[in-house]
Amino acid sequence: MSADEKKGRVYLVGAGPGALGLVTLRARQLIEQADVLVYDYLCNPEMLRWARSDVEKIYAGKSGASHTLTQDEINQLLVKYANAGKQVVRLKGGDPYVFGRGGEEAQVLVRAGVAFETVPGVTSAIAAPSYAGIPVTHRDYASTVTFVTGHEDPLKPGSAIDWQHLARLRGTKIFLMGVERLREIAQRLMAEGAASETPVALVRWGTTTRQESLEGTLATIADLVEKRGFAAPAITVVGDVVKLRSELNWYEALPLFGQRVVVTRTRRQASALTEKLRLLGADVLEISTIRIVPLPLEDAQRDKLENFSQHFDWVVLTSPNAVELFFSEFFKVRSDVRDLGAVKFAAVGPATVQKLRALHLRADLQPEIYTTEKLAELFSETMVKGMRFCLPHGQLADPQLANHLRELGGVVEEWVLYDTQPEEEDAGGARARYLREGAHWITFTSSSTAENWHALHLKPEDGAPLPKVVSMGPVTSVTLRKLGYEIAAEASSSTLDSLVETIIKLV
Ligand code: SAH
């Protein structure tokens, strides 16, 4: 490594408008390599997960008036870390040079002799309108675009903005930071000669699953904003291009757009359901209800993993967690999957089968309806008699399957591999949002998530919508009813896709 490379460097990186997919490849690469990440409130916090686990994360504010760090403090911080030899990524919402004070930060760096690089980003000024069905230019409607700060009071004398000129410019005008002063902005534009019926649209949290938009005219928009309680951060688009919205509004037309869905999950489970719902436009609040706490195997059980097939003919897996933890125990003892010997696998449902498949293992038995009861029915007496079964599961497993196998003459050993405990943390802030804003739907994929959700006693503030309950299968539904929940719908087959379909049909 040359002396130069050891020197610190600051990257002014555009974090894009909010949707994770709208970040540049260069941005992602730099986040992955960074020693220090300085970010603000418009950056999607999920991209922080790309960083190394030992990265230093610094929140630089600013949400409205509650600045956490002053601009001076941020500048000094960047210089300090760079001088200490760190690779510093300064993440800024949208593009760093569009009303983000990125230019000022770069000047400070140059003057302090710190090497820097810029990574342009997808600016919210273009992306938010785009996701609301508004192209900022169009041959029939606008041949110029002007980006304007809405920060200044347009009714005060000595404004840095030439309002007279702006009002007469016929193209698209895009205001950032303009919600608070919208009434004055509209008034001033009309006073300088803009037509009162000029179309206006506001797009709040554009490109994210929380996107909201509002349409009016220069004459009506301020009242509409007040009535709806529409708040920052929002882009305001003024001009005829807004008319294209009725034709081009693809994002807000997604089947689950505007639907807030609570996904109850355990922290270890992959968020496949969340992913599916988000692609359909849903605003997903992923709330962890339980934590899977692995439990140690008994010594006698661990010994059997040494030569597993001498002790068992079947492994019956009733959850993805069981697959994961069974194999994690197995690979502590043996290093080659063939050491498991010629055992057969039974799996209760597709998620469990999927976990097996990821290990390049096939399930020998799987019921068409995904319940342990149906799985039990598949085992005939001739299959079971004298056979030895290993049932790895959680502490609260339904004893029915083991009993059934025993009744048919099977030799059954149950291995308790994990316990489930209530989750107390709110890492992504979804719980806080649920309490504040409520939700339209809540999904339950298992009895234990239902029970654990119930135990959390989360209740949204008065006036916030209470979610309707969607259950993934009959067993989960029974549990939910016992707990006193009214079920709006049950998925027709116990799969995530069917659960998603069920919600779409209800919307
Ligand atoms: N550099 C940023 C803009 C920073 S100024 C960019 O290029 O996007 C902050 C303003 O950006 C906010 O007041 C709001 O007007 C706008 N903004 C940022 N992200 C937004 C989003 N996702 N939706 C709507 N407006 C957004």
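Out of all the residues in the range 62-80, is one or more within 22 Å of the chain's Cα centre (by Cα), of a type in the set (G, A, S), outside any helix (DSSP H, G or I) and surrounded by 14 or more Cβ atoms within 10 Å (Cβ to Cβ)?
No, the range 62-80 contains no residue that is within 22 Å of the chain's Cα centre (by Cα), of a type in the set (G, A, S), outside any helix (DSSP H, G or I) and surrounded by 14 or more Cβ atoms within 10 Å (Cβ to Cβ).
If only residues of the range 17-34 that are surrounded by fewer than 18 Cβ atoms within 10 Å (Cβ to Cβ) and in contact (Cβ under 8 Å) with a residue 40 or more places away in the chain are counted, the one that is nearest to the ligand (Cβ to nearest atom) is T24. If you go through the range 466-478 and keep only what is open to solvent by 20 Å² or more (accessible area, probe 1.4 Å) and under 19 Å from T371 (Cβ atoms), you end up with M472, P474, V475, V478.
Considering only the range 171-192, I want to know if a residue exists there that is of a type outside the set (F, W, Y), within 30 Å of K80 (Cβ to Cβ) and within 30 Å of the chain's Cα centre (by Cα).
Within the range 171-192, one or more residues are of a type outside the set (F, W, Y), within 30 Å of K80 (Cβ to Cβ) and within 30 Å of the chain's Cα centre (by Cα).
L248 satisfies every condition listed in (1) within 16 Å of the ligand (Cβ to nearest atom); (2) within 29 Å of the chain's Cα centre (by Cα) except (1). If you go through the range 90-120, how many residues are away from the ligand (no atom under 16 Å from the Cβ) and open to solvent by 20 Å² or more (accessible area, probe 1.4 Å)? Adding up the residues that qualify gives 9.
Q301: among the polar types (S, T, N, Q) and at pLDDT 95 or above, yes or no? Taking the combined requirement at face value, the residue satisfies it.
Screening T208, T274, T264 for residues that are touching a residue at least 60 places away in the same chain (Cβ under 8 Å) and either within 16 Å of the ligand (Cβ to nearest atom) or surrounded by fewer than 22 Cβ atoms within 10 Å (Cβ to Cβ) (or both) leaves exactly one candidate, T208. Would you check which residues across the range 178-203 are within 16 Å of the ligand (Cβ to nearest atom), crowded, with 18+ Cβ neighbours inside 10 Å and either outside the structural domain of A231 (by TED's automatic domain parsing) or touching a residue at least 40 places away in the same chain (Cβ under 8 Å) (or both) and list them? If the condition is that a residue be within 16 Å of the ligand (Cβ to nearest atom), crowded, with 18+ Cβ neighbours inside 10 Å and either outside the structural domain of A231 (by TED's automatic domain parsing) or touching a residue at least 40 places away in the same chain (Cβ under 8 Å) (or both), then G178, V179, L182, I185, V200, A201, V203 are the ones that fit.
Counting the residues of the range 217-234 that are over 29 Å from the mean Cα position of the chain (by Cα) and surrounded by 20 or more Cβ atoms within 10 Å (Cβ to Cβ) gives 2.
Per the listing E425, E437, E407, the residue uniquely charged (D, E, K, R) and within 30 Å of Q366 (Cα to Cα) is E407.
A residue that is closer than 20 Å to G429 by Cβ, assigned to a helix (DSSP H, G or I), within 15 Å of the ligand (Cβ to nearest atom) and open to solvent by less than 20 Å² (accessible area, probe 1.4 Å) can be found somewhere in the range 40-58.
Quick one: would you say A142 is over 30 Å from the mean Cα position of the chain (by Cα), assigned by TED's automatic domain parsing to the domain that holds R181, touching a residue at least 60 places away in the same chain (Cβ under 8 Å) and under 26 Å from L214 (Cα atoms)? Yes, satisfied. If only residues of the range 405-423 that are open to solvent by 50 Å² or more (accessible area, probe 1.4 Å) and outside any strand (DSSP E or B) are counted, the one that is farthest from R388 (Cα to Cα) is E407. Pick from the range 430-458 the residues that are open to solvent by 50 Å² or more (accessible area, probe 1.4 Å) and in contact with a Gly (Cβ under 9 Å, 6 or more places away or on another chain): which of them is farthest from T371 (Cα to Cα)? Across the range 430-458, the extreme among qualifying residues is H440.
Of the residues making up the range 70-85, those that are over 17 Å from L37 (Cβ atoms) and among the β-branched types (V, I, T) number 1. Scanning the range 145-177 for residues that are of a type in the set (A, V, I, L, M) and touching a residue at least 60 places away in the same chain (Cβ under 8 Å), which turns out surrounded by the most Cβ atoms within 10 Å (Cβ to Cβ)? Ranking the qualifying residues of the range 145-177, first place goes to I174.
The values are calculated or read from the model by the stated rules, or taken from the named source; none is laboratory data. Nothing here was measured: the structure is a model prediction, and the numbers come from that model. With ideal geometry, Cβ positions are generated from the backbone for all residues, glycine too; neighbour counts draw on all protein chains shown. For the accessible areas, the whole protein counts, side chains as well, though only heavy atoms, and no ligand, DNA or RNA atoms are used. Shrake-Rupley method; radii C 1.70, N 1.55, O 1.52, S 1.80 Å.
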